[in-house]
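The values are calculated or read from the model by the stated rules, or taken from the named source; none is laboratory data. This is a predicted model, so every value here is computed, not measured. Ligands, DNA and RNA are stripped out before the accessible areas are found, and what is left, the full protein with its side chains, is counted by its heavy atoms. Shrake-Rupley method; radii C 1.70, N 1.55, O 1.52, S 1.80 Å.
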Amino acid sequence: SQRQFEKVLNRCIASEQMDVNEYNEFMLENGAPDSYLFLNEKPPIVDQILNATRDGKGSIKVKDLLAISPDALKLAAQQGGKDFKIIVDTTTNGKKVDVRLTFTPSETTKGVIVAAYTDETLADYYKEKFGKELAVVDFMQEGKFGTTIKVTANVNLKNLNTDKLRFYSINRTTNKYAEIENPNYSIDKNGYLVFYTDRGNTVLITDTKLK
């Protein structure tokens, strides 16, 4: 099932010794869809890192990527230095940015699952569960990223008091949640919500304390 594939992906990406070929082989044998494979990682990631660092650029931007392996992040840190950044856009139909993640590879030694989505259906589910207005950013990464991620998300905040937003990371399996400390949030000039988090799961955004 999709959740099983997500769990395997999370276990593998968390390992500093992840073998991409072994991971792909396992997923194929178990019927995972192509979107869970690293078949296309080398051209967009490794080549972009090498080209960008050779040209003296301070970042690369990639689109609609599932995850980045430890080896690719290590290469980015080695070639780009401690301030080199990776920017990952998850888009709607390959065009409009839905969620953007920005992070510094030198600050983490494990892989990062970078797919993340805004989800109105999931938001409706949690609205009913908690009996309050909220918005959702759903990360495929389970638990901590291993670094702090800057998140820029196209979420619907029209029914929330944007001066008093609170952020909670909730485990999709156990429904246990914890408030994200120091999200340092803002609304950018395009109306996107910007915040910082060191963990994934599903992030609930509301304007009152969850109980």
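Accessible area per residue of the range 79-211 at 1.4 Å probe, in Å²?
Details: 6560 Å² over 133 residues.
Heavy-atom accessible area per residue stands at 49 Å².
Suppose the Debye formula is applied to equal point scatterers at every Cα of the range 106-157; what is log10 I(q)/I(0) at q = 0.24 Å⁻¹?
Taken in order of the listed q values, log10 I(q)/I(0) reads -0.94.
Find the Rg to Rh ratio for the range 145-211, where Rh is the Kirkwood radius over alpha-carbon pairs and Rg uses the same atoms.
Value, to two decimals: 0.95.
Carbon and sulfur together cover what percent of the accessible area of the range 81-187 at a 1.4 Å probe radius?
Accessible surface attributable to carbon and sulfur in the range 81-187 totals 43 percent.
Translational D (Stokes-Einstein, µm²/s) of the range 77-211 at 37 °C and 0.692 mPa s when Rh comes from the Kirkwood sum over C-alpha pairs?
215 µm²/s
Whose amide H sits under 5 Å from the amide H of G200, counting only residues 5 or more places off or on another chain, with H placed in the peptide plane?
G143, K144, F145
Do the alpha carbons of any pairs in K176/K211; K132/K209; K129/K150; K144/K164 sit beyond 20 Å of each other, and which pairs?
Over 20 Å apart, Cα to Cα: K129/K150; K144/K164.
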